[in-house]
Amino acid sequence: MKKSILTSIIFVFIFVNLNAQTANKQSVIQFLDKKSDHFSQISKSIWEYAELGYLEVKSSALLRDELKGEGFKIKDGVAEIPTAFVAEYGSGKPIIGILAEFDALPGVSQDAVPERKEVVKGGNGHACGHHLFGAGSTAAAIATKNWLKTNKKSGTIRLYGTPAEEGGAGKVYMVRAGLFDDVDAMLHWHPGSSNGANASSSLSNKSAKFRFYGRASHASASPWNGRSALDAVESMNFMVNLMREHIPVESRIHYVITSGGEAPNVVPEFAEAFYYVRHPEMDMVRELFERVAKIAEAAAQGTETKLEYEVIHGLYNVLPNETLSEIMYKNLTKVGGVGYTPEELAFAEKIVPTLPERARRPMENASIIQPYKVQNKGMGGSTDVGDVSWMVPTAGMRSATWVPGTSAHSWQAVAAGGMSIGQKGMMVAAKTLALTAIDIYENPSVCEKARIELDGKRGKDFKYEPLLGDREPPLDYRQ
């Protein structure tokens, strides 16, 4: 009889506790629903600013001011980057970080309409949705702060304002500066055309600008007196293209000629090529990059020009953490995907014919959650979240901020990201991140389990050495 009574008491306690947790989570969702218009306007302002990497002065200030008004302590200009910042609320463990990006891309200016229409000819645009990333992460951090305060919970929430993800490797310099050393769990998200929270990796990446210096001369009257820097670039490109046959199939090498001379009748005195080298493993990226650099040296020797090269950025592949990813996935399924109004559906249906036929996806992809997957081998793109993930247990997700089938870095992504479709997807992410943070605060032992997983994956002898070396942040790389 006594045992039966004790069992009943325990059951009632568990039931009441679970109901309290559910009510707490529901209050967070209600707060974010209530503030949806406010955070959407923040994202729209950053969308309109469309500031490039390390130049996001207004975007960074807008997010800092919002967080400061909510009681966060702000450290700005961290890691010697004027637009980078850390906003913190609370005290003690666990320390949970949320990443926020806000840089745009050059050459993809676009109005929030379903046909190609530049706002500024040749201007910038948020074709990767980082305006949504920054605003949505800020919303999640504020919602989590409110939960900590209301429930008088110990713990620290941090929002990391991370500039220049697009080729500038802002987070790498922040990792190098030790800004993540005491963090127990890191959460992030990214805009996309579907909803998912996979434990997935990415490609490691290293880039450099190869600069050749020759000797100018009249290209017709005295070409023998000249030494063409453009010949050196073309020789390099030719040899790299031959090299492609002899590299691992998962590798990616791509380049553009950023300077090739000024006039056909002048032997080019200066020429430059900008290279990216990618692979699922950073050790292979190191090896492939050295081979590319040797080719550049050979091109300079063969054309009697001088070579200099500058490493612009280097990124680790993302190290997925299944412990945290499973928690995030469960919360994403609770939050659900994006439902379109008739007006949004009409917008989306006009976008679809502008997409490549093979890329098009069913419209319902915006509303469903993709099945959970573990993908330890990277493919597709690269991100400076990779370096963070090797230092801190990290989980990420994507939400449908774009019309299903839309590719990142496209005008279609800019268009949807500037209106309610993008903003709805942003709030899906904000809710999911906040609920995931709450679960970790409620069960701090998860952090220890996640750290054990991280240590096991990176190996006991791991020592962090950034691919970009000891160079200073390239604050002028977009100028």
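No value in this document is a laboratory result; all are computed from the given coordinates. As the structure is a prediction and not an experimental result, all values here were calculated from the model. Here Cβ is always computed from backbone atoms with ideal geometry, including for glycine, and neighbour counts include all displayed protein chains.
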Q: Using only the Cα atoms of the range 392-479, build the gyration tensor, take square roots of its eigenvalues as a ≥ b ≥ c, and label the shape rounded, prolate or oblate: rounded if a/c is under 1.5, else prolate if a/b is larger than b/c, else oblate.
A: oblate
Q: May I ask you to list the lysines whose Cα is less than 19 Å away from that of Lys306, ignoring any residue fewer than eight positions away on the same chain?
A: Lys209, Lys294
Q. If contacts are Cα pairs under 8 angstrom and at least 6 residues apart, what is the relative contact order of the chain in percent?
A. 23
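How many percent of DSSP beta bridges within the chain run antiparallel, rounded to 5?
Bridges in the chain that DSSP calls antiparallel: roughly 70 percent.
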Q: Mind checking which of Gly422, Ser235, His218 is farthest towards the positive end of the chain's charge dipole, using Cβ charges of +1 (Lys, Arg) and -1 (Asp, Glu) about the Cα centre?
A: Gly422
Q) Do you know the relative contact order of the range 204-313, to the nearest whole percent, from alpha carbon pairs under 8 angstrom that are 6+ apart? A) 45
(Q) Treating only the Cβ of Lys, Arg, Asp and Glu as charged (+1, +1, -1, -1), what charge dipole size does the chain show about its Cα centre? Round to the nearest 20 debye. (A) 1600
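Give me the dipole magnitude in Debye, nearest 20, for the range 172-231 about the Cα centre, with unit charges on the beta carbon: positive for Lys and Arg, negative for Asp and Glu.
560
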Q) Expressed as a fraction of 2.2 N^0.38 Å, the rule-of-thumb size for a compact globular protein of N residues, what is the C-alpha radius of gyration of the range 204-313? A) 1.12
Q: With +1 on each Lys and Arg Cβ and -1 on each Asp and Glu Cβ, and nothing else charged, work out how big the dipole of the range 204-313 is about its Cα centre, in Debye to the nearest 20.
A: 40
Q) With each label point set 7 Å from Cα along the Cα-Cβ vector, what nm distance links Ile257 and Met243? A) 1.8
Q: Give a quick list of GluC sites (Glu not before Pro) in the range 240-271 that DSSP marks as loop, anything other than H, G, I, E or B, with at most 12 other Cβ atoms within 10 Å.
A: Glu262
(Q) Explain nothing, just the number: relative contact order of the range 375-479, from Cα pairs under 8 Å at least 6 residues apart, as a whole percent. (A) 26
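Which of the pairs Lys171/Lys377; Lys93/Lys463; Lys35/Lys58; Lys93/Lys145 have their Cα atoms more than 18 Å apart in this structure? Write out the running numbers ahead of the final one.
On the way: Lys171/Lys377 21 Å; Lys93/Lys463 25 Å; Lys35/Lys58 22 Å; Lys93/Lys145 14 Å.
In this structure, Lys171/Lys377; Lys93/Lys463; Lys35/Lys58 lie more than 18 Å apart at Cα.
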Q: List the longest stretch of the chain that has no exposed loop site; here a site is one of the trypsin sites (Lys or Arg not before Pro) assigned by DSSP to anything other than H, G, I, E or B, with at most 10 other Cβ within 10 Å.
A: 153-459
Q) Taking the range 278-330, which GluC sites (Glu not before Pro) meet the DSSP loop condition and have no more than 14 other C-beta atoms within 10 Å? A) Glu304
**Q.** Dimensionless Rg over Rh [the range 326-437; C-alpha; Kirkwood]
**A.** 0.98
(Q) How large is the Rg to Rh ratio of the chain when both quantities use alpha carbon positions and Rh follows Kirkwood? (A) 1.03
Q.
Helix 130-150 against the longest principal axis of the chain: what's the angle in degrees, Cα atoms only, rounded to the nearest 10?
A. 30
Q) Lys/Arg Cβ at +1, Asp/Glu Cβ at -1, dipole of the chain taken about the Cα centre: which of Thr436, Gly192, Tyr276 is farthest positive-ward? A) Thr436
